[in-house]
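Structure first, then comments.
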Amino acid sequence: MQTTETVTVAAIGHKGDGVAETPTGRVFVPGSLPGETVTIARDGERGRIISIEAPSADRIAAACRHVGTCGGCSLQHMAPAAYLAFKRQSVIDAFADRGIEVSVAETVPVEAHSRRRAVIAVQRQEGRLVVGFRERLSHTVAPAEGCLVVTPAIAAAMPKLAELCDLLTFGKRARSAPCSTPRPDSIWPLPKPNCPTSAGRRRSSGRCGSASPGWRSAAS
């Protein structure tokens, strides 16, 4: 049963969700930042933001148009300096949890469009193939055209992968497989033999790589 509550976010969890402590227990709020007061629709330990009552000074506009549907990049709404500090503190805390005190260097940022490997998911939805990444906590695939994380070669290949996968028999279940760009100007879908094909198309498709890049969130 959902309830509506107003909570104050105390920290960011290791998966990038805001964490608020309440009289009835901890609640995880995706899309929130430490120090923010937010009104949420709560269902157990999960909360969905209805409105932000007091935004953090570290809140910025997310650059990607797929934020909110794509399951990756959970902290695009966090200012770069705060994000890098969070990543560094996560390492410090991981050691501290095991009683180890270490000196951790400053986080080294990476540029956009620099990830050379991804696992792209493919799913047939309403008669068309959708190529992208899975939605948050879901098996549904969200389109990811113009992804800011992967290399331009992978981003440009996503629409073409839909054409390739149309040779295969895809049901509603999402399928995925790795893609890699060993060079900036190339893309290699890693082959997976014995792809499920319809009898009429098996000859033309042969052994074909399934088109689906696997990946981790930029906040992971």
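Laboratory data are not the source of any read-out in this text; all were calculated from the coordinates shown. Please read these numbers as outputs of a predicted model, since none were measured by experiment. A quick note on method: Cβ atoms are made from the backbone with ideal geometry, for glycine too, and the neighbour counts reach across all protein chains shown.
Details
- Among the trypsin sites (Lys or Arg not before Pro) in the range 65-111, those located in a DSSP loop and surrounded by at most 10 other Cβ atoms within 10 Å of their own Cβ are Arg98.
- Label-to-label distance for Ala81 and Ala96 is 2.1 nm, based on points extended 7 Å past Cα in the beta-carbon direction.
- The range 80-137 and the range 36-72: distance between their alpha carbon centers, rounded to Å: 17 Å
- A Förster distance of 22 Å, applied to the separation of the beta-carbon atoms of Glu145 and Ile60, puts the FRET efficiency at 0.50.
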